[in-house]
1. Full extension from residue 76 to residue 16: what is 0.36 nm times the residue separation minus their Cα-Cα distance, to one decimal in nm?
2. If you take Rg/Rh (Cα atoms, Kirkwood Rh) from the coordinates, which of [x] 1.03; [y] 1.11; [z] 0.97 do you get?
3. How large is the helix-only mean residue ellipticity at 222 nm for the chain, computed as the sum of -39500 (n - 2.57) over DSSP H runs with n ≥ 4, divided by its residue count, in deg cm²/dmol to the nearest 500?
4. I want to check the label-to-label distance for residue 2 and residue 91. Put each point 7 Å from Cα in the C-beta direction and report it in nm to one decimal.
Amino acid sequence: MTRPEPQISFEETETKGRFVARVPGVEGEGELTISKVSDVLIIADHTLVPDSMRGMGVGGALAESLIARARAKGQRIVPLCPFVRAQALRHPEWSDVIQG
């Protein structure tokens, strides 16, 4: 049986942003939050995936969404969140948007 793909949305205010992951048929939501330092610099500061979504690729999907959005907007990411920092080390191809 194939598991459903996480559905990612993005919410933002002037200084903050939040990627939200939902999986059809699974309770809860995952999130990756950012703080906007400037138009070109953002800080990935927190990632949370509930137990109900563990092992479904939700954290990775959130990180990939962050990277794709940063590339599209010409932004650089400071990965303060331990999960995003660990993912950046595993993905050297992200070096075009990861700072530090």
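1. Numbers: separation 60, 0.36 × 60 = 21.60 nm, distance 1.50 nm.
Gain in length upon complete extension: 20.1 nm.
2. Correct label, based on the coordinates given: [z].
3. Numbers: 2 runs with 25 residues, N = 100.
My calculation for the chain gives -8000 deg cm²/dmol from helical runs alone.
4. The modelled label-to-label distance comes out at 2.2 nm.
Read the figures in this text as sums done on the coordinates, not as results from a lab. Fair warning: this is a prediction, and the values are worked out from it, not measured in the lab. Note that each Cβ is placed from the backbone with ideal geometry, even for glycine, and that neighbours are counted across all protein chains shown.
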